[in-house]
Amino acid sequence: MGSLVKELFSLPERIHKGDFVLKLTEGLLHADETAGTYVATPALADAFDSALGLIGGALADGRSRATYLHGSFGSGKSHFMAMLSLLLDGHEAAWHIPELHSLRAKHAFIGTQRLLRLHFHMVGRSSIEEAIFGGYVAEVRVRHPKATVPGLFADEQLFADARSMLDELGDAAFFAPMNAQVADGGEWGDLGSEARWDRVRFDAAAASTDPAVREELFSALVTTRFKAYASESRAYVDLDSGLAVMARHAKSLGYDAIVLFLDELILWLSQRASEVSWLHGEVQKMVKLVESQESTRLVPIVSFIARQRSIVDMVGKDYAGSEAVRLNDSLKHWEGRYGTVQLEDRNLPAIVERRVLRPRDEAARAALDQAFQQMQRTAGASWQTLLGKEDASAFRKLYPFSPALVDALIALSNSLQRERTAIKLLMELLVEHIDDLSVGEVVRVGDLFDVLAGGEEPADGVMKARFEAAKQVYRYQFLPMLQQANGTNTAQRCQRERPGHPTRIGCSGCREAQCRADNRLVKSLLIAALVPDVPVFKDLTAGRLAQLNHGTLKVPIPGTEARLVAQRLRSWASEKGQLHVGNQNDPSVQLQLEGVDLEPILDQARDADSDGARQRLIRDLLFEAMSLDKVADWGKDHKVKWRETARLGHVRFGNVRTMGPEQLRCPEGHDWRLVVDYPFDRPGNSPNDDLDVLDRFTEDSGGSWTMVWLPHFFSAAVNKLLGELAILDHILEHTESARRYVAHLSVEHQSRAILDLQNLRNQKKNRVQQALQQAYGVVQEREG
């Protein structure tokens, strides 16, 4: 083995839970670090230009705006928001980034107009009002401690409680602290007697429909008699009215606009998407950020909403789940009211290069350049598959990862817990999972599965069940099968079986090359099943599966990897009904996660496996192969045209060892007889016993127009396969029979089980047909 890729990079010893994850509020708290680690690509500079232009437009025409910051999970939406807020605040470390210098002069409002920036992490909030209004009150208290409290709270109950206290204490005692505040002046100003509170003014304000008048009473009460109300109350005015109150209040404090940064709002909605009425109500509120039924807002409100790619776009409606589809449809209904600032996935190569793939020194960089060029020259057909939609320059930035792997990770990271972003998972792969990757090799897509499935739960929301299904299918169906086939089902040969082996490491670093290669193929199929609509996995074939795991299969003749993978896939599909493999030269392949355990169904029909059933199957398959009509009997007459004359003969199936002379001799009235033996017999018997019978017949018969076709015997594995095919044929003989065997399942699972049984029968039949061709000498036996 040559030098290792890991040795060429500057890597941490361990990855911690919070690494590479930036929450908006934390990013602002550590502003210098946030700006110092930011990678501003030209595409991101354009995104900042669009975002700043949106704010400038709102300031120019006084109209509110709202826009999505749209990108994949891990594309840097929170980091972008934090940087945008720092730019608006004139933070020097942010403006020192060269790619952003030109934007300061282009957007002249920066530093000349006052913007109130409010930052919200939506996860855990009870409503949009609670987040925005509560956040506004808290921010104003910090920045303007003597300002009036804005009338954002539902005040009817407060006013009723105040009236009861007024009646109990009397006018003088009740109004004394409220009027003392007026006398103190401050930001209230010296308003004289008109600002003093008495019962007449109290009643007039409590009955008023003017928000500004009600706000005066509200503020006076919560800053004197009911001081805990503003911090403890969760009863707010409706969003539309409250935004108008906020705008008026901010204007009174000297602000020209309010900028809202709503981080994780869409994720927050998705977590309660099953609550239909709640979701409908909250989504409808979002349009109020742009459109107001109240009077014109005195200052514009500009909202930035982080939105990750919809899971529906990556896995399709069939797999996304009803909640995700409902959320996706609800948001699309209002989509025209919002702009979009696109945080392109194409930014990832540059970000990964700067934040993850940092060479140790210039010599390491040169070694990586050389390794990449060599890999490009030798990749063959794999190059285009690994390249995906990127170009060679982007591939070099990502090396030893491929754009195809990153595409898959982007799609999967949409469903990951927030602490497990695409950037962090790539670092985990480098640090923990590819210790043995040689320089010049590329990380295989199948290696993603262990880093996704290991350790903590990999997913939130609707995809959690699918991730769990993928892990169960792998652990209890495919892994035992691969271990059995490769002889790695002991602790001596499989690290997974050893006590103390970290679950999250999986097969990483394992020395069992063949078993590890098979595992990579299966894991790639599981990843494709999780996100089937991702381009890299659409219309997946055996050849593309091999290319996505380039270099993992060692074959004597380069270019034959696809044929080897197809053989293995067909072998596995003959055992697992959830794996569907096509009949093409480069067969299509798909793994269904939603399968049903077929073993209990097959166990019900074990008695259907008999010598007679196996012989009938062989006869039917051979009749089909010879283009003869099937018959229920042991044989049939058949005419062959030879030298312009129809020659009548008879094709007979049977065990030659048990045949007498009458069964072997060509009968009167026939021109020929073909006897076809079976490729199996009872234990202890072999083809030599058939040859002994033929030798005696030849000696005793004096000659006969008889041909005997003796095959090689099936192996024990193929005999087992034939028995399983007999059981499946029995179960699927007719619809009523199939329904009887799956009657214990739900209706939905009955259909799924029958489909998997049919697929399993087809795959086993294909393998038996291949074995027949080899047994009867039609084709040479091939390895694999």
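The values are calculated or read from the model by the stated rules, or taken from the named source; none is laboratory data. From a predicted model like this one, the values you see are computed outputs, not experimental measurements. So basically every Cβ, Gly included, is an ideal-geometry build from the backbone, and we count neighbours across all protein chains shown. Side chains are part of the model used for accessible areas, which takes the heavy atoms of the whole protein and leaves out ligands, DNA and RNA. Shrake-Rupley method; radii C 1.70, N 1.55, O 1.52, S 1.80 Å.
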Those residues of the stretch 529-577 that are of a type in the set (A, V, I, L, M) and in contact with a strand residue (DSSP E or B) (Cβ under 7 Å, 6 or more places away or on another chain) come to a total of 6
Please go through the stretch 732-773 and pick out each residue that is over 24 Å from residue 592 (Cα atoms) and in contact with a Pro (Cβ under 9 Å, 6 or more places away or on another chain).
771, 772
Those residues that are within 22 Å of residue 479 (Cβ to Cβ) and either under 15 Å from the mean Cα position of the chain (by Cα) or open to solvent by 10 Å² or more (accessible area, probe 1.4 Å) (or both), I need them from the stretch 431-443; list them, please.
432, 435, 436
Among the residues of the stretch 562-614, how many are open to solvent by 70 Å² or more (accessible area, probe 1.4 Å) and of a type outside the set (Asp, Glu)?
7
Report whether or not residue 768 is surrounded by 13 or more Cβ atoms within 10 Å (Cβ to Cβ), over 23 Å from residue 650 (Cα atoms) and of a type outside the set (S, T, N, Q).
yes
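State whether the residues of the stretch 464-473 include one that is farther than 30 Å from residue 268 by Cβ, β-branched (Val, Ile, Thr) and buried (at least 17 other Cβ atoms within 10 Å of the Cβ). Don't jump to the end; show me each part of the working.
Of all residues in the stretch 464-473, those farther than 30 Å from residue 268 by Cβ come to 473.
When the remaining residues are screened for being β-branched (Val, Ile, Thr), the result is 473.
Retained after the next criterion (residues that are buried (at least 17 other Cβ atoms within 10 Å of the Cβ)): 473.
Within the stretch 464-473, one or more residues are farther than 30 Å from residue 268 by Cβ, β-branched (Val, Ile, Thr) and buried (at least 17 other Cβ atoms within 10 Å of the Cβ).
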Yes or no: residue 65 surrounded by 20 or more Cβ atoms within 10 Å (Cβ to Cβ), among the basic types (Lys, Arg) and either under 27 Å from residue 299 (Cα atoms) or modelled with pLDDT of 85 or more (or both)?
yes
Every residue from the stretch 703-738 that is part of a helix (DSSP H, G or I), over 30 Å from residue 637 (Cβ atoms) and either open to solvent by 50 Å² or more (accessible area, probe 1.4 Å) or without any contact (Cβ under 8 Å) to a residue 24 or more places away in the chain (or both):
716, 717, 720, 735, 736, 737, 738
Under 6 Å by Cβ, and 6 or more places apart or on different chains, what pairs join a residue from the stretch 88-104 that is among the small types (Gly, Ala, Ser) with one that is open to solvent by 40 Å² or more (accessible area, probe 1.4 Å) and part of a helix (DSSP H, G or I)?
93/32
Filter result for residue 594 (acidic (Asp, Glu) and not in a helix (DSSP H, G or I)):
yes
Suppose the filter is more than 18 Å from residue 408 (Cα to Cα), assigned to a helix (DSSP H, G or I), open to solvent by 10 Å² or more (accessible area, probe 1.4 Å) and not hydrophobic (A, V, I, L, M, F, W, C); does residue 492 pass it?
no
Cβ-Cβ under 8 Å, sequence separation 6+ or interchain: first residue in the stretch 657-674 and closer than 15 Å to residue 703 by Cβ, partner modelled with pLDDT under 90 and among the polar types (S, T, N, Q). Which pairs?
661/701; 664/701; 664/704; 665/701; 665/704; 666/704; 673/704
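Do the conditions hold for residue 617, that is, is it aliphatic (A, V, I, L, M), over 30 Å from residue 709 (Cβ atoms), open to solvent by less than 20 Å² (accessible area, probe 1.4 Å) and touching a residue at least 12 places away in the same chain (Cβ under 8 Å)? So that I can check it myself, show each step before the final result.
Details: aliphatic (A, V, I, L, M): yes; over 30 Å from residue 709 (Cβ atoms): no; open to solvent by less than 20 Å² (accessible area, probe 1.4 Å): yes; touching a residue at least 12 places away in the same chain (Cβ under 8 Å): yes.
No.
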Can you find a residue in the stretch 635-652 that is more than 26 Å from residue 713 (Cβ to Cβ) and part of a loop (DSSP other than H, G, I, E, B)?
yes
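Could you list all residues from the stretch 201-237 that are surrounded by fewer than 17 Cβ atoms within 10 Å (Cβ to Cβ), at pLDDT 75 or above and more than 19 Å from residue 165 (Cα to Cα)? Walk me through how you get there before you give the answer.
Taking the stretch 201-237 and keeping what is surrounded by fewer than 17 Cβ atoms within 10 Å (Cβ to Cβ), we get 203-204, 207-210, 212-213, 227-228, 231-232, 234-235.
Then keep just the ones that are at pLDDT 75 or above; that gives 203-204, 207-208, 213, 227.
If the condition is that a residue be surrounded by fewer than 17 Cβ atoms within 10 Å (Cβ to Cβ), at pLDDT 75 or above and more than 19 Å from residue 165 (Cα to Cα), then 208, 213 are the ones that fit.
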Being at pLDDT 90 or above and either of a type in the set (Asp, Glu) or in a helix (DSSP H, G or I) (or both): is that true of residue 755 here?
no
Could you say which residue among 772, 721, 728 is under 15 Å from residue 622 (Cα atoms) and at pLDDT 90 or above?
772
Of the numbered conditions (1) surrounded by 12 or more Cβ atoms within 10 Å (Cβ to Cβ); (2) on the phi > 0 side of the Ramachandran plot; (3) among the polar types (S, T, N, Q), residue 627 satisfies every one except a single condition; which is it?
(1)
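Might you let me know whether the stretch 58-68 holds any residue that is touching a helix residue (DSSP H, G or I) at 6+ places or on another chain (Cβ under 7 Å) and either farther than 21 Å from residue 287 by Cα or among the aliphatic types (A, V, I, L, M) (or both)?
Taking the stretch 58-68 first, the residues touching a helix residue (DSSP H, G or I) at 6+ places or on another chain (Cβ under 7 Å) are 64-67.
So of that shortlist, the ones also either farther than 21 Å from residue 287 by Cα or among the aliphatic types (A, V, I, L, M) (or both) come out as 66.
For the stretch 58-68, residues touching a helix residue (DSSP H, G or I) at 6+ places or on another chain (Cβ under 7 Å) and either farther than 21 Å from residue 287 by Cα or among the aliphatic types (A, V, I, L, M) (or both): present.
Looking only at the stretch 630-657, how many residues end up being polar (S, T, N, Q) and exposed (fewer than 13 other Cβ atoms within 10 Å of the Cβ)?
If we filter the stretch 630-657 for residues that are polar (S, T, N, Q), which is where we start, we get 645, 655.
Now drop any that are not exposed (fewer than 13 other Cβ atoms within 10 Å of the Cβ), which leaves 645.
Within the stretch 630-657, residues that are polar (S, T, N, Q) and exposed (fewer than 13 other Cβ atoms within 10 Å of the Cβ) number 1.
Are any residues in the stretch 672-688 more than 56 Å from the chain's Cα centre (by Cα) and of a type in the set (D, E, K, R), and if so, which ones? Before you say what the answer is, go through the steps one by one.
To start, the set of residues in the stretch 672-688 that are more than 56 Å from the chain's Cα centre (by Cα) comprises 672-675, 688.
Correct list: 673 only.
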Which numbered condition residue 470 fails, given (1) part of a helix (DSSP H, G or I); (2) more than 28 Å from the chain's Cα centre (by Cα); (3) small (Gly, Ala, Ser)
(2)
